[in-house]
Structures are given as C-alpha cells and as structure tokens.
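Below is one structure; the comments refer to it alone.
The values are calculated or read from the model by the stated rules, or taken from the named source; none is laboratory data. Quantities reported herein were computed from a predicted structural model and do not represent experimental measurements. Every residue, glycine among them, receives a Cβ derived from its backbone with ideal geometry; neighbour counts consider all protein chains shown.
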Amino acid sequence: MEETTIRECTTIEEFDRCVELQREAFGLPDLELSPRRHLIVSRQAGGWTLGAFVADRMVGFVHHLAAVRGHNEIFGYSHVMAVAKDYQNKGVGARLKWAQRQRALREGRKLIKWTWDPMLARNAHFNLNRLGAVVETYLDDFYGTAALLPNNALRELFTGGRHWAAYIAGAFPMLAKVCGKKVIASIIRAIALSI
C-alpha cells in the first residue's frame, strides 16, 4: 500500500475535498454534510481538519472543534471523519484518530468527544475495540435525522489517565506481562503518543 501522510488541511481545495469525501462515505444529502464554510470558520475559532494524503490525493479527513465544558475546560470535539471507499478498512481512519489525539495532547487537551452509530457493527468495533473509547451517553436520534442516521452514542476518548492506560494494557498484554505495572505506564505513553 502507498505511504499515507497525515497533515492539516488549509486550502479551499482541501476543504472542498472534505465535502466530497463526506458525500462518498456517507451518501447523505448535502444538507447533512459539513460545508466548506464550516471547516474554514471553525479553523479560525480554534478547530482544525487533518487530512490523510496518498501522493496528492486526500483519502480521508477528521474535523476537530474546540469545545468548552464546566469550569471553562477546553476539550476537543471530533465533528466528522470520512474515508474514501477504496481506502476504508486499511487503517486510514485509525491513523487519523491517532493523529487527532496527538495534536489534542500537544494542545493540552485531556478529552475528545464524538458521536458514532452503534448500530453499525463496523463503527462499534472501530470505536470500542480499535480506539478504546468509553461510552458516556446513548442519545437516540441525536442529529434529528432518524431515517438517515438512526442511532448515535456520544463517545469520549480520554487522552490520558486510567481509561487510556487500561485500554493500552489490554491491547498490549504481552508488554504488561514482560514489563510489570511500573514500567508499562511509560511504555503506554510512548506507544500512545507514537502511533
């Protein structure tokens, strides 16, 4: 497989490709897609869009918003991620989410939230098993488009702490056996930040 590069999207053409990727990946009407103007405005407000590129072609993207919760804590909200059909199930989505996590950590964020459809087995597997996220809440018809996106669960990915450490230890049980608990914490951080 060709080398995939993850980098921030900054041009009108790249944002237009994000819209095209949403159409391709989701098959939703334009009303339900995040338009170019949304991607541009959120970038000016502290958000960003990371694209996955193979040569000159963008094959996926993730759009990240800055959000605020109690006590003025700024956290990340992953608004949308889409991957071209011919690049799905090839690790592009996971690479985008890991890159999103790395950038959020560099910005001092401790939390990323997003929604996903738990009724799609592939989504459930990706979010629960690949990313190790924790379900905070189940929200029926979150977007008000039950016919288009019937079920969504609000997700949290803790960028640090016991939930993340437990996931990585579970994902890499051999490291836990060989290294013991004290050393596994530093290896967990190295793996989590280097993926």
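Here ALA99 does not fit the description of being over 25 Å from VAL135 (Cα atoms), buried (at least 18 other Cβ atoms within 10 Å of the Cβ) and either in contact (Cβ under 8 Å) with a residue 60 or more places away in the chain or of a type in the set (Asp, Glu) (or both). Each residue in the stretch 57-94 was checked for being touching a helix residue (DSSP H, G or I) at 6+ places or on another chain (Cβ under 6 Å) and either farther than 19 Å from TRP116 by Cβ or among the β-branched types (Val, Ile, Thr) (or both), and 4 pass.
With respect to THR49, is the statement that it is without any contact (Cβ under 8 Å) to a residue 60 or more places away in the chain, in the same structural domain as THR11 (by TED's automatic domain parsing), over 15 Å from GLU8 (Cα atoms) and of a type in the set (Ser, Thr, Tyr) true?
Working: without any contact (Cβ under 8 Å) to a residue 60 or more places away in the chain: yes; in the same structural domain as THR11 (by TED's automatic domain parsing): yes; over 15 Å from GLU8 (Cα atoms): no; of a type in the set (Ser, Thr, Tyr): yes.
No: the conditions fail for THR49.
For VAL54, the conditions (1) in contact (Cβ under 8 Å) with a residue 40 or more places away in the chain; (2) of a type in the set (A, V, I, L, M); (3) within 18 Å of ARG130 (Cβ to Cβ) all hold with the exception of (3).
Considering the conditions (1) surrounded by fewer than 15 Cβ atoms within 10 Å (Cβ to Cβ); (2) modelled with pLDDT of 95 or more, ARG36 is excluded by exactly one of them, (1). Within the stretch 102-127, the set of residues being in contact (Cβ under 8 Å) with a residue 40 or more places away in the chain and touching a Phe, Trp or Tyr at 6+ places or on another chain (Cβ under 6 Å) comprises ARG109, LEU111, LYS113, THR115.
Rundown of residues vs (1) basic (Lys, Arg); (2) touching a strand residue (DSSP E or B) at 6+ places or on another chain (Cβ under 7 Å), yes/no style:
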residue	(1), (2)
CYS18	no, yes
ASP30	no, no
ARG36	yes, no
LEU39	no, yes
GLN44	no, no
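If I filter the stretch 98-134 down to residues being at pLDDT 85 or above and polar (S, T, N, Q), which single residue comes out as nearest to HIS64 (Cα to Cα)? Taking the candidates together, the pick is GLN100.
Return yes or no: is ARG43 surrounded by 18 or more Cβ atoms within 10 Å (Cβ to Cβ) and basic (Lys, Arg)? Even if it seems obvious, please write down each step before you answer.
Numbers: surrounded by 18 or more Cβ atoms within 10 Å (Cβ to Cβ): yes; basic (Lys, Arg): yes.
Judged against the criteria, ARG43 is a match.
Scanning the stretch 1-45 for residues that are part of a loop (DSSP other than H, G, I, E, B), within 17 Å of TYR77 (Cβ to Cβ) and among the polar types (S, T, N, Q) yields a total of 1.
State all residues of the stretch 53-94 that are part of a helix (DSSP H, G or I) and either among the β-branched types (Val, Ile, Thr) or at pLDDT below 95 (or both); if no residue qualifies, say none. Once the filter is applied, which keeps residues that are part of a helix (DSSP H, G or I) and either among the β-branched types (Val, Ile, Thr) or at pLDDT below 95 (or both), the stretch 53-94 yields VAL92, GLY93, ALA94.
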